[in-house]
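Heads up, the thing below is written out as structure tokens.
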Amino acid sequence: MATSNSAPPLRAHPKGLSVDPQALAQVQALLGDAPRRRDLLIEFLHRIQDHYGCLAAAHLNALGAELKMAPAEVYEVATFYHHFDVVKEGQPAPPAVTVRVCDSLSCELAGAQALLERLGAILGDEVRVLRAPCVGRCHGAPVAVVGRNPVEHATPEKVQAALAAGWTEATVAPYADYDAYRAAGGYQLLRQCAQGGREPEAVIAELEHSGLRGLGGAGFPAGRKWRIVRAQAAPRLMAVNIDEGEPGTFKDRHYLERDPHRFLEGMLIAAWAVGIAEIYIYLRDEYAACRKLLGAELARLWADPPCALPAIHLRRGAGAYICGEESAMIESIEGKRGMPRLRPPYVAQVGLFGRPTLEHNMETLYWVRDILEQGAAAFAAHGRRGRKGLRSFSVSGRVRKPGMYVAPAGITVRELIDEYCGGMEEGHQFHAYLPGGASGGILPASLGDLPLDFDTLNAHGCFIGSAAVIVLSQQDRAAEAARNVMKFFADESCGQCTPCRVGTEKMVQLMNEARWDTALMEELCAAMADASICGLGQAAPNPVRSVIRFFPHEIAGHEQR
């Protein structure tokens, strides 16, 4: 082979996508002096979209260069989350204002489909109308979100009025701020703990005696979780889950919008007892007012702390139900797609950034101060039928007064409807209920006297989860409710595992058939429940199995092989 001593010609451009200088300068200006870390990718994507209204290809490429990431890595994260509008080169940007109409079950019962059709017909091209999963305001169904501003009991006229008034940014209602909370005795308990007035072991024991369990859905005993994580090697981290995406659930938002510091004090007491170095609060993007509120109150807390505080980071979700799963949330905090991890190891051992992590739902921490001040016995004294404590029930559907109610653990849905919700809506009779949101299954009114508790409903193929109770009447069909939530699961599956990704889509197809092949559906349910990586795919069959078991008369042309 002939050789030459002459050097090869230099390339005019390096390999790969070139970075547009103007786009790079724009991204650098938006990032300012923020550290260029991989885990801040989603936060930076929000900054770009908030400013420009979308994520242009040039900006994504520039962001990748700034973070020293491959463009494909940035792109795969940006396209994973529903709230990021990725615009490919040559495509037009989306309209300046987006109206999202919730089409989850409670809103569908209240007429979301008709609202979607009317808004699509009357709003011009300058406004984009999209379907959206649950936005956490089921008591105000149907709900439309105009920009970042939710409109409850929405009508076309209300939405048009909000647009005309420029009412597109989140507004914060009056709440107990830092000064009011401190004036009422807030943070005295935290200070007492930090100054040696209480011992971590005694605090953990008090939590164990109270019977407090995780209130995000899994129901793991809170005190035991603290003990497990405290036994791990330092540094230990904490992740607070406020990605309240289960259709029918709005309790966390209710507490945050009224008394945020009670939650924050409980969080800081947990961090003190377990020896936490840093705290990450993960808040769903739909809760824009809560984000504004929390940002302001954390700033006040840092400016005048009651004692030494660990670092607290407020992270913003981007529209992905799967990130309510603890390991998917941790992946998202790390700036990745919200893909659940295989376990073991568990997050208590290897969690956020590879460190032992105390993961908690926001409401669990909300109760810590009350339990420690009043004593475990006082908290445990609440309850019916041998259950202990209080539960926060998000109630929506065909009741006279939908809302968030604090009721004794062990209460039945019939008692909840009659004693707290003012009975059934006029003209409606109790027919069925979802005791735990979309994934908790569906039970008939004949089982309305079962205690709403963690373990009681298991024998009936259901669970209470986050205590999101959706009530159906004789005007509704459980089969249609199951179809609605299965579409939700199919849309929200992260796609990582085949049983969930393919199973949910296939189940929607089977449920759309005129004749339900229940034998085939049960076979698919078993595959999803047994082989899915996380709780989304494992619980998705519950509503289908409930309909087949309790409502066979509702299945058109019900077929048995």
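The values are calculated or read from the model by the stated rules, or taken from the named source; none is laboratory data. Because the structure is predicted, anything quoted here is derived from the model rather than measured. Cβ sites come from the backbone with ideal geometry, for glycine too, and all protein chains shown count toward neighbours. Protein only, heavy atoms only, side chains kept; ligands, DNA and RNA dropped before computing areas. Shrake-Rupley method; radii C 1.70, N 1.55, O 1.52, S 1.80 Å.
Some values worked out for this structure:
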item: Every residue from the stretch 195-217 that is within 29 Å of SER327 (Cβ to Cβ), assigned to a loop (DSSP other than H, G, I, E, B) and either free of Cβ contacts under 8 Å to residues at least 12 places away in the same chain or in contact with a His (Cβ under 6 Å, 6 or more places away or on another chain) (or both); result: none
item: Unique match (being over 30 Å from the mean Cα position of the chain (by Cα) and modelled with pLDDT under 95) among PRO14, PRO71; result: PRO14
item: Single residue of the stretch 150-185 satisfying the filter (in contact (Cβ under 8 Å) with a residue 40 or more places away in the chain and of a type in the set (A, V, I, L, M)) that is surrounded by the fewest Cβ atoms within 10 Å (Cβ to Cβ); result: ALA173
item: Hits in the stretch 372-394 - residues which are on the phi < 0 side of the Ramachandran plot, part of a loop (DSSP other than H, G, I, E, B) and either modelled with pLDDT of 95 or more or charged (D, E, K, R) (or both); result: ARG384, ARG387, LYS388
item: Options ARG369, ARG343; residue that is in a loop (DSSP other than H, G, I, E, B), charged (D, E, K, R) and within 27 Å of ALA273 (Cα to Cα); result: ARG343
item: Within the stretch 346-361, considering residues that are out of contact with any Leu (no Cβ under 8 Å at 6 or more places or on another chain) and in a loop (DSSP other than H, G, I, E, B), the one surrounded by the most Cβ atoms within 10 Å (Cβ to Cβ); result: VAL347
item: Every residue from the stretch 254-289 that is under 27 Å from TRP167 (Cβ atoms) and crowded, with 24+ Cβ neighbours inside 10 Å; result: LEU256, PRO260, LEU283, ARG284, GLU286, TYR287
item: Test: ALA121 is out of contact with any strand residue (DSSP E or B) (no Cβ under 7 Å at 6 or more places or on another chain), closer than 22 Å to GLY441 by Cα and not aromatic (Phe, Trp, Tyr); result: no
item: Residue pairs meeting the criteria (Cβ under 6 Å; at least 6 apart or on separate chains; first open to solvent by 40 Å² or more (accessible area, probe 1.4 Å), in the stretch 460-476; second assigned to a loop (DSSP other than H, G, I, E, B) and of a type outside the set (Lys, Arg)); result: PHE463/GLY440; GLN474/GLN429
item: The stretch 233-276, residues that are farther than 17 Å from GLY214 by Cα and in contact with a strand residue (DSSP E or B) (Cβ under 9 Å, 6 or more places away or on another chain); result: ALA234, PRO235, ARG236, LEU237, PRO247, GLY248, HIS254, LEU256, GLY275, ILE276
item: One residue from HIS59, HIS83, HIS51 being closer than 20 Å to ALA288 by Cβ and crowded, with 16+ Cβ neighbours inside 10 Å; result: HIS83
